[in-house]
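One structure below.
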Amino acid sequence: RAGSSPVPGIFPSPISMPHQEDSNCAASCLLRTTFDEDEITRAVRDCRERLGGAPTLVFAFVSADWKPHLKDFVEIVQVEGHAARIVGCSGFGLAGIGEEDENISGMSLLFLKLPNSDVEIVDIDESDIGDADAGMPWSKITGIEPDQFGGWIALGNPARMSSENWLRQWNTAYAGVPVYGGLASGGADPEELFLFRETGLSDSVLLAIHFATGIRVGGVVSQGCRPIGEPYTITEVDENVVVTIGQRRAYEVLEEAYDSLDVSEQAGAQGNIFAGLAMTEYRDEFGPGDFLVRNIIGGDPTAGVLALGAYPRVGQTMQFQLRDKDAADEDLRIQCAGAQTRYGEPFAALLFSCAGRGVRMFEAPNHDAGIIEEVFGKVPLSGFFCNGEIGPVGGQNFIHG
């Protein structure tokens with residue numbers, strides 16, 4: 001999808017009144033600056049004071065140019081924020097309450113005070129993931145049984161891990177349990193991508209944060225596309241190559257979907273048409289939230305085939321999708337409104353937005369964070385622009401991007 005999917009992770013509180021001893025509460029800040037100890041100290045102290053005490057956990061996202069100063073940064077958050085546990089990663093752009101900035105130097109923090117919740121941070125190494133068919137040594141995740149799941153947030157380093165292998169194994173081990181998160185960004189050099197904890201730079205390829213008791217983790221995945229053309233059943237595939245759809249050549253069906261657009265839409269559609277794979281066949285009608293959106297990575301008009309960034313199956317419904325700013329705007333608004341209905345008012349939020357969004361897509365700043373503020377109000381929020389986002393579609397977790 002060339003970067004169309006933000007994944008806000010939303011934490012609804014079972015208790016509505018903040019700053020009481022038994023209440024979940026949060027504070028966040030977005031600081032735009034090159035590394036400056038005095039500025040960071042003031043911002044961290046302010047978060048701690050607004051929180052009303054020491055945090056249970058701090059999410060921290062920093063620009064890649066802060067890497068040489070990471071030890072000092074973590075120490076400031078620990079000492080001035082009274083933070084025993086910190087988890088974070090690099091990001092080429094950062095988000096806060098109602099605002100986003102791309103290609104900036106700075107930090108985005110979310111302080112969480114969770115007096116009734118158990119929080120565990122699990123370090124996953126390359127050796128834990130292995131190849132696609134290997135089993136992950138889940139015994140390293142002690143004390144976390146399937147019936148205890150409150151929810152997971154995951155931060156990964158895409159330069160060092162096989163994301164698809166990890167997620168395939170995770171979905172098998174923890175079937176039906178949603179995971180939200182993002183993959184570190186920061187620059188073209190793999191060394192500019194990093195994860196960290198309260199001990200400093202992390203050698204892990206993925207940090208998985210588990211919340212249990214006293215808190216619910218909910219979220220939305222907005223893929224930023226709308227269906228075009230008609231839905232058809234896939235009738236022949238060869239691995240990731242779709243040969244026929246509805247007994248017709250796949251490339252011919254793509255051309256038909258393109259021709260169904262208004263002339264004014266066709267120019268902008270080039271490079272922005274994707275494949276939508278239905279996650280369930282039990283629908284009389286299909287809408288935007290019913291499809292997993294994946295890239296069309298190649299096509300052969302002579303042979304009539306299309307190669308996808310996925311492995312579709314015969315019998316699966318497929319409909320082409322158009323990515324544009326209007327569809328992305330509408331979808332995120334609908335998804336957030338639905339989350340508000342399902343979960344109620346959150347006390348904190350995380351925003352994992354794809355690097356393909358932001359100003360380059362919407363031609364205006366603060367789009368995704370602004371919609372979250374419109375729907376939920378000034379909820380403490382932290383986040384970053386990712387190299388890929390993690391979240392469920394149709395009850396199964398996927399890497400988006």
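At D238 and R32, where each label point lies 7 Å from the Cα along Cα→Cβ, what is the point-to-point distance in nanometres?
Distance between label points: 5.2 nm.
Among the aspartates and glutamates, which have Cα under 13 Å from the Cα of K378 when same-chain residues fewer than 8 positions away are ignored?
Within the straight-line cut-off, K378 pairs with E99, E345.
So for the chain, averaging the separation of alpha carbon pairs under 8 Å that are six or more residues apart and normalising by length, what relative contact order in percent results? Display every interim value, and only then the final one.
Details: 994 pairs, mean separation 107.1, N = 401.
27 percent.
Based solely on its DSSP helices, what 222 nm [θ] is calculated for the chain when runs of n ≥ 4 H residues each add -39,500 (n - 2.57) and the sum is averaged over all residues, nearest 500 deg cm²/dmol? Can you show the working numbers first?
Numbers: 9 runs with 92 residues, N = 401.
Helix-only estimate at 222 nm: -7000 deg cm²/dmol.
Taking a ≥ b ≥ c as the square roots of the eigenvalues of the Cα gyration tensor of the stretch 31-132, is the shape rounded (a/c under 1.5), prolate (a/b larger than b/c) or oblate? Provide the component values of the computation, followed by the final result.
Values: a/c = 1.71, a/b = 1.14, b/c = 1.51.
It is oblate, given that a/c is not under 1.5 and a/b is not larger than b/c.
Hey, which aspartates and glutamates would be in cross-link range of K113, C-alpha to C-alpha under 16 Å, not counting anything within fewer than 8 residues on its own chain?
By straight Cα distance, K113 reaches E21, D22, D46, E49, E80.
Mind checking the per residue accessible area of the chain for me, 1.4 Å probe, whole number of Å²? Please list the in-between numbers first.
Numbers: 16300 Å² over 401 residues.
About 41 Å² of surface per residue is accessible.
Cα to Cα, under 15 Å, and not fewer than 8 places away if on the same chain: which aspartates and glutamates meet these conditions relative to K325?
E265, E363, D368
Take the alpha carbon gyration tensor of the stretch 249-401, find the square roots of its eigenvalues, order them as a ≥ b ≥ c, and report rounded if a/c is under 1.5; if not, report prolate when a/b exceeds b/c, else oblate.
Judged from the Cα gyration tensor, the stretch 249-401 comes out prolate (a/c at least 1.5, a/b above b/c).
Specify the angular offset, from 0 to 90 degrees and rounded to the nearest 10, of the alpha carbon long axis of helix 37-51 from the longest principal axis of the alpha carbons in the chain.
90
Ignoring ligands, DNA and RNA, what percent of the accessible area of the chain is carbon or sulfur (1.4 Å)?
Details: 7600 of 16300 Å².
Carbon-and-sulfur percentage of accessible area, whole number: 47.
What is the helix-to-structure angle for 250-259, meaning the angle in degrees between its Cα long axis and the longest Cα principal axis of the chain, kept from 0 to 90 and rounded to the nearest 10?
Rounded to the nearest ten degrees, it is 80.
Taking only Cα atoms and a 10 Å spring cutoff, compute GNM fluctuations for the chain and point out the largest among P55, P301, P365.
Checking each option, the largest mean-square fluctuation is seen for P301.
How tilted is helix 367-376 with respect to the longest principal axis of the chain? Cα atoms for both, answer in degrees (0 to 90, nearest 10).
70
The values are calculated or read from the model by the stated rules, or taken from the named source; none is laboratory data. As the structure is a computational prediction, the values presented were derived from the model and not from experiment. As a convention, Cβ positions derive from the backbone with ideal geometry for all residues, glycine included, and neighbour counts pool all protein chains shown. Note: areas computed on protein heavy atoms with side chains; ligands, DNA, RNA excluded. Shrake-Rupley method; radii C 1.70, N 1.55, O 1.52, S 1.80 Å.
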